1. Of the peptides 196-202, 211-217, 6-12, how do they stack up when ordered by the mean number of other Cβ atoms within 10 Å, highest first?
2. Classify segment 73-148 as rounded, prolate or oblate from the Cα gyration tensor: take a ≥ b ≥ c as the square roots of its eigenvalues, call it rounded if a/c is under 1.5, otherwise prolate when a/b beats b/c and oblate if not.
3. Using the per-residue mean of other Cβ atoms lying within 10 Å as a proxy for protection, in what order, highest first, do the peptides 131-137, 15-21, 169-175 fall?
4. Sorting Thr48, Thr180 by accessible area (1.4 Å probe), largest first, what list results?
5. Express in % the proportion of alpha carbon pairs of segment 1-131 at distances exceeding 18 Å.
6. Please report the antiparallel percentage of DSSP beta bridges with both residues in the chain, rounded to the nearest 5.
7. Using C-alpha positions alone, give me the convex hull volume of the chain per residue in cubic angstrom.
8. Rounded to the nearest 0.05, what FRET efficiency do Asn50 and His73 have when you use their Cβ-Cβ distance and R0 = 25 Å?
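The values are calculated or read from the model by the stated rules, or taken from the named source; none is laboratory data. Values in this document were obtained by computation on a predicted structure and should not be read as measured data. Quick reminder, even Gly has a Cβ in these numbers, built from the backbone with ideal geometry, and neighbours come from all protein chains shown. Ligands, DNA and RNA are excluded from the accessible area calculation, which covers all protein heavy atoms including side chains. Shrake-Rupley method; radii C 1.70, N 1.55, O 1.52, S 1.80 Å.
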Amino acid sequence: MKKVVILQSNYIPWKGYFDLINDADLFIFYDDVQYTKNDWRNRNKIVTPNGLRWLTIPTGIDAHRLICEVTLHDPSWQTKHWETIRQNYARSPFFKFYRPFFEEIYRGKAWTSLSELNQHLIKSISRDLLKIQTAFDDSRNYVLQGHRLERLLDLTKQSGASHYISGPAAKSYIDEAEFTAIDVALQWKDYNGYPEYAQGPLPFEHGVSILDTLFNVGPTTDSVIWGWRRPLAA
(Lines give C-alpha, C1' and ligand atoms only; values in the text may rest on other atoms or scores of the structure.)
Protein backbone atom coordinates (compact mmCIF):
# COMPACT_ATOMS: atom_id res chain seq x y z
CA MET A 1 0.00 0.00 0.00
CA LYS A 2 1.28 3.46 -0.91
CA LYS A 3 -0.76 6.51 0.07
CA VAL A 4 -0.04 9.65 -1.94
CA VAL A 5 -1.13 13.28 -1.56
CA ILE A 6 -0.60 15.78 -4.39
CA LEU A 7 -1.12 19.42 -3.48
CA GLN A 8 0.02 22.95 -4.26
CA SER A 9 2.37 24.51 -1.74
CA ASN A 10 0.76 27.04 0.61
CA TYR A 11 2.22 29.77 2.79
CA ILE A 12 2.49 28.69 6.47
CA PRO A 13 -0.61 26.49 5.99
CA TRP A 14 -3.17 25.46 8.57
CA LYS A 15 -3.00 22.28 10.64
CA GLY A 16 -5.20 20.34 8.21
CA TYR A 17 -2.50 20.62 5.55
CA PHE A 18 -0.02 18.89 7.87
CA ASP A 19 -2.67 16.34 8.80
CA LEU A 20 -2.80 15.38 5.11
CA ILE A 21 0.99 15.15 4.94
CA ASN A 22 1.04 12.86 7.98
CA ASP A 23 -1.55 10.58 6.36
CA ALA A 24 0.61 10.03 3.29
CA ASP A 25 3.60 7.87 2.49
CA LEU A 26 4.53 10.36 -0.25
CA PHE A 27 3.56 14.02 -0.53
CA ILE A 28 4.09 15.62 -3.95
CA PHE A 29 4.19 19.40 -4.31
CA TYR A 30 2.12 20.35 -7.36
CA ASP A 31 3.56 23.78 -8.12
CA ASP A 32 3.81 23.61 -11.92
CA VAL A 33 0.14 24.62 -12.22
CA GLN A 34 -1.59 28.00 -12.57
CA TYR A 35 -0.93 30.48 -9.77
CA THR A 36 -4.04 32.00 -8.20
CA LYS A 37 -3.37 35.35 -6.55
CA ASN A 38 -4.58 36.02 -3.01
CA ASP A 39 -5.25 32.37 -2.43
CA TRP A 40 -3.50 30.20 0.17
CA ARG A 41 -0.38 30.13 -2.00
CA ASN A 42 0.83 33.54 -0.78
CA ARG A 43 -1.16 34.28 2.36
CA ASN A 44 -2.59 32.92 5.57
CA LYS A 45 -4.24 34.07 8.78
CA ILE A 46 -2.99 34.46 12.33
CA VAL A 47 -4.84 35.27 15.54
CA THR A 48 -4.45 38.72 17.11
CA PRO A 49 -6.13 40.36 20.12
CA ASN A 50 -8.30 42.26 17.64
CA GLY A 51 -9.32 39.25 15.58
CA LEU A 52 -7.88 37.43 12.60
CA ARG A 53 -5.21 39.08 10.47
CA TRP A 54 -3.93 38.17 7.03
CA LEU A 55 -0.21 37.83 6.36
CA THR A 56 0.13 38.33 2.60
CA ILE A 57 3.29 38.02 0.51
CA PRO A 58 3.32 40.60 -2.34
CA THR A 59 3.66 38.74 -5.64
CA GLY A 60 2.93 41.33 -8.33
CA ILE A 61 0.05 41.55 -10.78
CA ASP A 62 1.02 39.04 -13.49
CA ALA A 63 -1.82 36.50 -13.64
CA HIS A 64 -0.21 34.27 -16.27
CA ARG A 65 2.28 32.34 -14.16
CA LEU A 66 2.68 28.92 -12.68
CA ILE A 67 3.18 28.78 -8.92
CA CYS A 68 6.79 27.76 -9.44
CA GLU A 69 7.32 30.86 -11.64
CA VAL A 70 6.26 33.40 -8.99
CA THR A 71 9.26 35.50 -8.01
CA LEU A 72 9.60 37.70 -4.93
CA HIS A 73 11.44 40.93 -5.69
CA ASP A 74 11.27 42.97 -2.49
CA PRO A 75 12.18 41.09 0.71
CA SER A 76 10.88 43.84 3.00
CA TRP A 77 7.71 41.80 3.55
CA GLN A 78 9.78 39.26 5.50
CA THR A 79 10.63 41.75 8.24
CA LYS A 80 7.03 42.96 8.36
CA HIS A 81 5.65 39.44 8.68
CA TRP A 82 8.15 38.47 11.35
CA GLU A 83 7.44 41.59 13.40
CA THR A 84 3.69 40.98 13.12
CA ILE A 85 4.14 37.38 14.22
CA ARG A 86 6.42 38.39 17.09
CA GLN A 87 4.13 41.16 18.32
CA ASN A 88 1.06 38.93 18.37
CA TYR A 89 2.60 35.72 19.72
CA ALA A 90 5.42 36.91 21.99
CA ARG A 91 3.38 36.01 25.08
CA SER A 92 2.23 32.64 23.78
CA PRO A 93 3.51 29.69 25.83
CA PHE A 94 5.87 28.30 23.20
CA PHE A 95 6.89 31.35 21.17
CA LYS A 96 10.39 31.45 22.70
CA PHE A 97 10.79 27.73 22.06
CA TYR A 98 10.20 28.13 18.31
CA ARG A 99 11.53 31.65 17.86
CA PRO A 100 15.04 30.68 16.59
CA PHE A 101 13.54 28.36 13.97
CA PHE A 102 11.16 30.92 12.46
CA GLU A 103 13.36 33.96 12.94
CA GLU A 104 16.06 32.30 10.86
CA ILE A 105 13.57 31.67 8.04
CA TYR A 106 12.29 35.24 8.00
CA ARG A 107 15.53 37.10 8.73
CA GLY A 108 18.29 34.74 7.64
CA LYS A 109 17.66 34.75 3.88
CA ALA A 110 16.03 36.93 1.22
CA TRP A 111 13.59 34.58 -0.53
CA THR A 112 13.16 35.10 -4.27
CA SER A 113 10.83 32.18 -5.14
CA LEU A 114 7.39 31.69 -3.60
CA SER A 115 7.44 27.95 -4.30
CA GLU A 116 10.90 27.53 -2.78
CA LEU A 117 9.87 29.42 0.36
CA ASN A 118 6.61 27.53 0.80
CA GLN A 119 8.17 24.15 0.23
CA HIS A 120 11.03 24.89 2.61
CA LEU A 121 8.64 25.99 5.36
CA ILE A 122 6.34 23.00 4.90
CA LYS A 123 9.11 20.41 4.79
CA SER A 124 10.99 21.95 7.72
CA ILE A 125 7.91 22.25 9.92
CA SER A 126 6.90 18.69 9.02
CA ARG A 127 10.26 17.07 9.63
CA ASP A 128 11.86 19.20 12.33
CA LEU A 129 8.91 20.36 14.42
CA LEU A 130 6.15 17.76 13.89
CA LYS A 131 8.47 14.76 13.32
CA ILE A 132 6.49 13.59 10.30
CA GLN A 133 8.19 10.76 8.41
CA THR A 134 6.45 11.28 5.05
CA ALA A 135 8.66 11.49 1.95
CA PHE A 136 8.45 14.60 -0.25
CA ASP A 137 8.70 15.01 -4.00
CA ASP A 138 7.95 17.64 -6.65
CA SER A 139 5.72 17.27 -9.71
CA ARG A 140 8.46 18.90 -11.80
CA ASN A 141 10.45 15.68 -11.39
CA TYR A 142 7.89 13.88 -13.59
CA VAL A 143 7.09 14.11 -17.31
CA LEU A 144 3.31 14.45 -17.33
CA GLN A 145 0.71 14.10 -20.08
CA GLY A 146 -2.69 15.73 -20.52
CA HIS A 147 -4.36 18.69 -18.83
CA ARG A 148 -5.96 19.25 -15.43
CA LEU A 149 -7.48 15.98 -14.17
CA GLU A 150 -5.70 13.89 -16.81
CA ARG A 151 -2.39 15.37 -15.71
CA LEU A 152 -3.16 14.72 -12.04
CA LEU A 153 -4.11 11.13 -12.83
CA ASP A 154 -0.88 10.64 -14.77
CA LEU A 155 1.13 11.98 -11.82
CA THR A 156 -0.76 9.73 -9.41
CA LYS A 157 -0.09 6.69 -11.57
CA GLN A 158 3.59 7.51 -12.06
CA SER A 159 4.05 7.96 -8.31
CA GLY A 160 3.09 4.32 -7.77
CA ALA A 161 0.13 5.20 -5.56
CA SER A 162 -2.33 2.56 -4.45
CA HIS A 163 -4.36 5.20 -2.56
CA TYR A 164 -4.84 8.88 -3.37
CA ILE A 165 -5.88 11.12 -0.46
CA SER A 166 -7.62 14.40 -1.27
CA GLY A 167 -9.08 17.28 0.69
CA PRO A 168 -12.88 17.61 0.52
CA ALA A 169 -12.75 20.80 -1.59
CA ALA A 170 -11.69 18.71 -4.60
CA LYS A 171 -15.02 16.88 -4.68
CA SER A 172 -16.28 19.56 -7.07
CA TYR A 173 -13.92 18.51 -9.86
CA ILE A 174 -12.57 15.03 -9.10
CA ASP A 175 -14.41 12.03 -10.51
CA GLU A 176 -13.81 8.94 -8.39
CA ALA A 177 -14.37 6.70 -11.42
CA GLU A 178 -11.27 8.18 -13.05
CA PHE A 179 -9.12 6.92 -10.16
CA THR A 180 -10.84 3.54 -10.18
CA ALA A 181 -9.91 3.26 -13.86
CA ILE A 182 -6.20 3.50 -13.01
CA ASP A 183 -6.59 1.09 -10.06
CA VAL A 184 -6.11 3.74 -7.36
CA ALA A 185 -8.41 3.99 -4.35
CA LEU A 186 -9.62 7.55 -3.71
CA GLN A 187 -9.88 8.62 -0.06
CA TRP A 188 -11.46 11.88 1.12
CA LYS A 189 -9.88 13.65 4.07
CA ASP A 190 -12.23 14.57 6.91
CA TYR A 191 -11.19 17.69 8.82
CA ASN A 192 -14.00 17.46 11.36
CA GLY A 193 -13.41 16.91 15.06
CA TYR A 194 -10.20 18.81 15.72
CA PRO A 195 -10.00 19.62 19.44
CA GLU A 196 -9.70 23.23 20.55
CA TYR A 197 -6.74 24.51 22.54
CA ALA A 198 -6.00 27.69 24.53
CA GLN A 199 -5.96 30.22 21.69
CA GLY A 200 -7.09 33.44 23.37
CA PRO A 201 -10.19 35.30 24.52
CA LEU A 202 -11.92 35.44 21.13
CA PRO A 203 -14.08 32.60 19.71
CA PHE A 204 -11.85 29.71 18.66
CA GLU A 205 -10.81 29.59 15.01
CA HIS A 206 -9.48 26.37 13.44
CA GLY A 207 -8.68 27.83 10.00
CA VAL A 208 -5.50 29.72 10.84
CA SER A 209 -1.81 29.16 10.19
CA ILE A 210 0.04 26.28 11.87
CA LEU A 211 2.01 29.03 13.63
CA ASP A 212 -0.91 29.56 15.99
CA THR A 213 -1.04 25.88 16.90
CA LEU A 214 2.71 25.58 17.43
CA PHE A 215 3.05 28.72 19.54
CA ASN A 216 0.12 27.76 21.75
CA VAL A 217 0.48 23.97 22.00
CA GLY A 218 4.22 23.41 21.51
CA PRO A 219 5.93 20.04 21.01
CA THR A 220 2.64 18.18 21.54
CA THR A 221 1.03 19.91 18.55
CA ASP A 222 0.60 16.54 16.87
CA SER A 223 -1.90 15.64 19.60
CA VAL A 224 -4.36 18.29 18.38
CA ILE A 225 -3.83 17.52 14.68
CA TRP A 226 -3.90 13.73 14.42
CA GLY A 227 -2.98 12.24 17.81
CA TRP A 228 -6.47 12.75 19.21
CA ARG A 229 -7.82 10.17 16.75
CA ARG A 230 -5.79 7.33 18.23
CA PRO A 231 -7.88 4.97 20.35
CA LEU A 232 -7.03 4.91 24.03
CA ALA A 233 -4.98 1.95 25.18
CA ALA A 234 -7.01 -0.71 26.97
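1. On the way: 196-202: 11.9, 211-217: 23.4, 6-12: 21.7.
Those peptides, ordered most packed to least, come out 211-217, 6-12, 196-202.
2. Details: a/c = 2.98, a/b = 1.61, b/c = 1.85.
It comes out oblate by the Cα gyration axes.
3. Working: 131-137: 14.7, 15-21: 22.3, 169-175: 11.1.
The most tightly packed comes first, giving 15-21, 131-137, 169-175.
4. Thr180, Thr48
5. Values: 4803 of 8515 pairs.
Tail fraction, whole percent: 56.
6. Details: 9 of 23 bridges.
Taking every DSSP beta bridge with both residues in the chain, the antiparallel ones total about 40 percent.
7. Numbers: hull volume 33.4 nm³, N = 234.
Spelled out: Cα convex hull of the chain, divided by residues, is 143 Å³.
8. Working: r = 30 Å, r/R0 = 1.21.
Using R0 = 25 Å, I get an efficiency of 0.25.
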